[in-house]
Amino acid sequence: MKTRTLTVVLYQEDNLYVAHCPEVGTVSQGPTIETAVANLTEATELYLEEFPFPDTSRPLLTTFEVAYA
C-alpha cells in the first residue's frame, strides 16, 4: 500500500468545519477540525479505491489582498 501527503484547505461554515483536498477534489465536514480532516481522509481513501490517483503535483499556496467596500 502506498501513502502520499495531500493538502487540506479548511474553512468554517456556521457550526461546521469544511475540509477540501485540492489534489483529488474530495470534500468533507465535521464539528471540529480534527473530525473534518478525519472525515476527509476517509472520503479520499474511498474515492481513491474507485478512481486512480491523479498525476498532479502539489498545489502552491499563497495569499493575496483584494479591495472591497
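Can you give me the accessible area per residue for the chain, using a 1.4 Å probe, in Å²?
Values: 5870 Å² over 69 residues.
Per residue, the chain has an accessible area of 85 Å².
Principal-axis analysis of the Cα atoms of the chain puts helix 33-50 at an angle of about 40° to the longest axis. In the chain, taking the dipole from charged Cβ atoms about the Cα centre, the farthest positive-side position among T3, A69, P52 is held by T3. Note on the chain: with neighbouring protein chains present and a 1.4 Å probe, carbon and sulfur make up 56 percent of its accessible heavy-atom surface.
Charges only on Cβ, +1 for Lys and Arg, -1 for Asp and Glu: so what's the dipole of the chain about the Cα centre, in debye to the nearest 20?
Numbers: 3 positive and 10 negative charges, 50 e Å.
Using only the charged Cβ atoms, the result is roughly 240 debye.
The Cα-based radius of gyration and maximum Cα-Cα distance (Dmax) for the chain are 14.0, 51 Å.
Stretched out fully, how many nm does the piece from N15 to A67 gain, at 0.36 nm a residue minus the Cα gap? Mind showing how you got there, number by number?
Numbers: separation 52, 0.36 × 52 = 18.72 nm, distance 2.77 nm.
Taking 0.36 nm per residue and subtracting the Cα distance, the gain is 15.9 nm.
Sum up the charges of everything whose Cβ sits under 13 Å from the Cβ of S57, counting Lys and Arg as +1 and Asp and Glu as -1, but leave S57 out.
That works out to 0.
The values are calculated or read from the model by the stated rules, or taken from the named source; none is laboratory data. If you're wondering where the values come from, they're calculated on a predicted model, not measured in any experiment. Glycine gets a Cβ as well: all are built from the backbone with ideal geometry, and neighbour counts include every protein chain shown. Heavy atoms of the whole protein, side chains included, go into the accessibility calculation; ligands, DNA and RNA do not. Shrake-Rupley method; radii C 1.70, N 1.55, O 1.52, S 1.80 Å.
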